[in-house]
Amino acid sequence: GWCPLSPTGAQTTQLLVEPPWRPAVLWDRVTLTCQGSGTAGATTWYKDGQRWGQQGGNNFTVTQSGTYTCDRHGSGLSSPVIVSEEQLVLQVPARALLEGEMLTLRCRY
């Protein structure tokens, strides 16, 4: 997953992607997991900016393309994850990257 930089002590919500590659593609059977230090089980999901039906659970397998975020009560809204229906993608690891670091890319179709 991807962890945003935040001030020391700040609580953040992370939206983890499995398999851990971006952009995520629908045909990969993508699972999203919402993690945060907020209240367990108090997860609200959003798809394309609208409150969405997968309420309460911390993870699910994506069946529709779109832009997903999650909110954990007490630790806030995650960064968005885009799940596309593209047939050809150039993917990078779904984690924070450092300048100068060796990087594996995947070209998939």
Seminar exercise, completed: When segment 6-15 is checked residue by residue, the ones that are open to solvent by 40 Å² or more (accessible area, probe 1.4 Å) and either modelled with pLDDT under 50 or assigned to a strand (DSSP E or B) (or both) are Ser6, Pro7, Thr8, Gly9, Gln14
For this session: Kindly check whether there is at least one residue in segment 97-109 that is of a type in the set (Ser, Thr, Tyr) and open to solvent by 80 Å² or more (accessible area, probe 1.4 Å).
Result: yes
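Yes/no matrix, rows are residues, columns are (1) at positive phi; (2) at pLDDT 85 or above; (3) in a loop (DSSP other than H, G, I, E, B); (4) open to solvent by 30 Å² or more (accessible area, probe 1.4 Å):
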| position | (1), (2), (3), (4) |
| --- | --- |
| Thr33 | no, yes, no, yes |
| Gly38 | no, no, yes, no |
| Tyr46 | no, yes, no, yes |
| Thr67 | no, yes, no, yes |
| Asp71 | no, yes, no, yes |
| Ser79 | no, yes, yes, yes |
| Val83 | no, yes, no, no |
| Gln87 | no, yes, yes, yes |
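The values are calculated or read from the model by the stated rules, or taken from the named source; none is laboratory data. Here the structure is a predicted model, which is why all the values come from computation and not from measurement. Just the protein is used for accessible areas: all its heavy atoms, side chains included, with ligands, DNA and RNA removed. Shrake-Rupley method; radii C 1.70, N 1.55, O 1.52, S 1.80 Å.
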